[in-house]
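The structure appears below as structure tokens.
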Amino acid sequence: MGPPGAGKGTQARFVADHFGVPAISTGDIFRANVSQGTPLGVEAKRYMDAGEYVPDEVTNRMVRDRIDEPDAEPGFLLDGYPRTLDQVGELDGMIKHTGHALDAAVVLTVDPEELVQRLLQRAQTDGRADDTEDVIRRRQEVYTEQTAPLIEVYRERGILVEVDGMGEVDEVTTRIFDALDVIPES
Ligand code: AMP
């Protein structure tokens, strides 16, 4: 978890490789569907371009299908999911059904000024449709309203791992590994 620009996507790939599990990024799956012009992509694009969340029902169904794939059987890392309280409940149900348990919920903390700089930089390098200034602002608001409260949910469950997301990419990766390597896998 972490606000847009915190480095979730970048770090998710390193962490997934480290543990030998797939990184499942809801944002990447939506973007792949958008570029392929699938019905899911057409629906998701309306929300993504506005900086809003895709409806829970659509997102939950997509994640359920993805974690049922054989490569996720030994475990998986979720990037950008859950993002709402409804998704937290759905994920609990999905995990029960697969026999897994959540080992950790990692949150990357980055100061707000740095976030805007990173996203403006990404706008230039990746050309993402939702990295315009208005949409960036809306995505930060939606995160604060709908996703930031999940931090307390996972803190209460005792699985929250807070990591300083400031600094170089490899410094942050090392911090995440140091924090996760001491956690027993379920
Ligand atoms: P991301 O790549 O994680 O920043 O996600 C890009 C966009 O995809 C978000 O701004 C949302 O519109 C949509 N999205 C990704 N994950 C979710 C989710 N868990 N719930 C709802 N919408 C999502």
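The values are calculated or read from the model by the stated rules, or taken from the named source; none is laboratory data. From a predicted model like this one, the values you see are computed outputs, not experimental measurements. Every residue, glycine as well, gets a Cβ built from its backbone with ideal geometry; the counts of neighbours run over all protein chains shown. For accessibility, only protein heavy atoms count, side chains too; no ligands or nucleic acids. Shrake-Rupley method; radii C 1.70, N 1.55, O 1.52, S 1.80 Å.
Tabulated values for the structure
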item: When residues of the stretch 81-95 are limited to those that are in contact (Cβ under 8 Å) with a residue 60 or more places away in the chain and either in contact with a Phe, Trp or Tyr (Cβ under 9 Å, 6 or more places away or on another chain) or in a helix (DSSP H, G or I) (or both), the one nearest to the ligand (Cβ to nearest atom); result: ARG83
item: Every residue from the stretch 18-46 that is within 15 Å of the ligand (Cβ to nearest atom) and surrounded by fewer than 17 Cβ atoms within 10 Å (Cβ to Cβ); result: ASP28, ALA32, SER35, THR38, VAL42, GLU43, ARG46
item: Hey, ARG83 out of contact with any His (no Cβ under 9 Å at 6 or more places or on another chain), open to solvent by 20 Å² or more (accessible area, probe 1.4 Å) and farther than 18 Å from PRO4 by Cα or not; result: no
item: Cross-chain or 6+ apart pairs with Cβ under 6 Å, the stretch 24-48 first and closer than 15 Å to GLY127 by Cα, then surrounded by 13 or more Cβ atoms within 10 Å (Cβ to Cβ) and charged (D, E, K, R); result: VAL34/LYS45; MET48/ASP130
item: Any chance VAL153 is assigned to a helix (DSSP H, G or I) and open to solvent by 20 Å² or more (accessible area, probe 1.4 Å); result: yes
item: Filter result for VAL15 (away from the ligand (no atom under 12 Å from the Cβ), closer than 22 Å to GLU73 by Cβ and in contact with a Pro (Cβ under 8 Å, 6 or more places away or on another chain)); result: no
item: Residue within the stretch 37-57 that is under 21 Å from LEU180 (Cβ atoms) and of a type in the set (Val, Ile, Thr) present; result: no
item: Hits in the stretch 47-80 - residues which are among the aromatic types (Phe, Trp, Tyr) and near the ligand (Cβ under 7 Å from one of its atoms); result: TYR47, TYR53
